[in-house]
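Single-structure report; data block below.
The values are calculated or read from the model by the stated rules, or taken from the named source; none is laboratory data. All values reported here derive from a predicted model rather than from experimental measurement. FYI the Cβ positions are ideal-geometry reconstructions off the backbone, even for glycines, and counts take in every protein chain you see.
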Amino acid sequence: MSRQALDELKQQISLLDYLQGQDWQPARRLSRGRWMGLCPLHSDHKPSFLVDPGKSLFYCYGCGRGGDVIRFAELYHQVKFPQALALLRQWRGLAPLLHEATDFYRMQLHRHGEAVAYLHRRGVRSPELIEHMRIGYAPGGCLRGWLTRLGYPLHALRQAGLVTAAGYDAYLHRIVFPLEANLYGRSISASAPAHRFLPGVKGGLYEWERVRRYPEVILVEGLFDYAVLWQAGFQNVTCALGNHLNARQFRQLCDRPRTVYLTLDADANGSGPQAAQSLSRSLRERGITARLVSLPEGHDPNSFFVGGGNTQQFHHLLERAGL
C-alpha cells in the first residue's frame, strides 16, 4: 500500500472504535479527550493503557508499547504488518456484508426441512435458542444472487470468502452461526468437511460481553455444546471454537477473578482432557480457579444432552469437577 492509502485506512478506522470492538473498556477519562484503561496487550492489574482518540495513538506505561491502529492490530493479533492491514480492511468493510449474509441465511432455515431436522438431531429445538444464536442455513446457490441484487460487487463477496474464486457460494448445505467478525458453517452432509469459517481470525470467546459478568463460567469447545447448555438453562456458558484458546480468548478468561469450569470433549484419543489440563495450569498461573469437568468417555456436552442427560445431571458433573 502507498503512504496515502495507509493514511486513508487509519483515518477510516477509529482507534477507539477498534479497541472497543476487541472488548477493551476505558476505565477513566483524562484531559483533552484521552482515555486510560487496562492494557489488552499484557496481563495488566491497574490501568496503564493510554488512548488518544484525537491523535489515534496508544501507549502503555506498563509494557512500553505504543503506536497507531495498525501497530495495535499487529501486536494484539500477533501478526505481521501485511496481515494486520488485511484484518483492518476486513474489519472496516465486512460487518455490513456479514449482517446481510446472516439475515439471508436466517430466512432460509425454516424453508429447508433437512436443516431443521439436523438441528433437532443435535438437540437444538428451542425457538428462543435459535433466535439467541441467530442460527441460519446455507442451502447454496442463492446467496451470491441475493447480495449482488442488494448492490454488493462480486469482488467484495470473493474477498469476504462468501463466494469462491469460481463464483459459487462458499457455504453449501451448512448450518450457519454468525460470530463477531466471521461465520461458522457446520455441514449437515457427511461427505463434506464438517467445519468451515470465512478467512480471518477466529475472534474472542463466544458471547463474551454477556458472559463476562458471571463469577463462574463454563467453557466448552463447540457451538452445539454451547447451544444445549444454554437451552438447559446455563446462561454462564461460552465457547472457544476448539480446545486451544488464542491469545485474546485467554486474556478474556483472565480479565478478572473467576472460576472457569473446563468442559472440553472427552475424546477417546485424550486430546480434549490433555488440552484441559494444559489450560488449567495456565489459568492457575494467572490466579484463575480452573475446575475440570469429567464427561462420560467419548462424550461432549452436546452428545451428553442428546443422549438423555438433563440439567440436574450436568449440575452434578459441575459439583464433582476437580481442580
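Worth a mention:
- Index of the failed condition, I70 passing every other in (1) more than 18 Å from Q12 (Cβ to Cβ); (2) out of contact with any strand residue (DSSP E or B) (no Cβ under 7 Å at 6 or more places or on another chain): (1)
- Residue count, the stretch 10-35 (criterion: touching a Lys or Arg at 6+ places or on another chain (Cβ under 7 Å) and surrounded by fewer than 17 Cβ atoms within 10 Å (Cβ to Cβ)): 1
Matching residues to (1) within 26 Å of R256 (Cα to Cα); (2) at pLDDT 95 or above; (3) outside the structural domain of F250 (by TED's automatic domain parsing):
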position: G272; (1), (2), (3): yes, no, no
position: R286; (1), (2), (3): yes, no, no
position: L295; (1), (2), (3): no, no, no
position: V306; (1), (2), (3): no, yes, no
position: T311; (1), (2), (3): no, yes, no
position: F314; (1), (2), (3): yes, yes, no
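- Taking every residue in the stretch 92-106 that is touching a residue at least 60 places away in the same chain (Cβ under 8 Å) and pairing it with any residue that is buried (at least 18 other Cβ atoms within 10 Å of the Cβ) and among the aromatic types (F, W, Y), at least 6 positions away or on another chain, the pairs with Cβ-Cβ distances below 8 Å are L97/Y152; Y105/Y137; Y105/Y171.
- Q249 meets all of the listed conditions (1) part of a loop (DSSP other than H, G, I, E, B); (2) polar (S, T, N, Q); (3) surrounded by 15 or more Cβ atoms within 10 Å (Cβ to Cβ) but one, namely (1).
- Of all residues making up the stretch 272-312, the number that are within 24 Å of W208 (Cβ to Cβ), polar (S, T, N, Q) and out of contact with any Asp or Glu (no Cβ under 6 Å at 6 or more places or on another chain): 6
- Top-ranked residue of the stretch 252-270 - restricted to ones that are farther than 16 Å from P301 by Cβ, at pLDDT 90 or above and not polar (S, T, N, Q), ranked as surrounded by the fewest Cβ atoms within 10 Å (Cβ to Cβ): P257
- Just one of the numbered conditions (1) over 21 Å from the mean Cα position of the chain (by Cα); (2) surrounded by 13 or more Cβ atoms within 10 Å (Cβ to Cβ) is not true of G64: (2).
- Contact map, the stretch 67-80: residues that are among the polar types (S, T, N, Q) paired with residues that are at pLDDT below 95, Cβ distance under 9 Å, separation 6+ or inter-chain. Pairs shown: Q78/N246; Q78/A247.
- Complete set of residues in the stretch 78-119 that are closer than 28 Å to R251 by Cα and part of a loop (DSSP other than H, G, I, E, B): Q78, V79, K80
- Among the residues listed as Q231, Q235, the single one being out of contact with any strand residue (DSSP E or B) (no Cβ under 7 Å at 6 or more places or on another chain), under 16 Å from Y261 (Cα atoms), modelled with pLDDT of 95 or more and among the polar types (S, T, N, Q): Q235
- Filter result (buried (at least 18 other Cβ atoms within 10 Å of the Cβ), of a type in the set (A, V, I, L, M) and modelled with pLDDT of 85 or more) within the stretch 75-96: L75, A84, L85, L88
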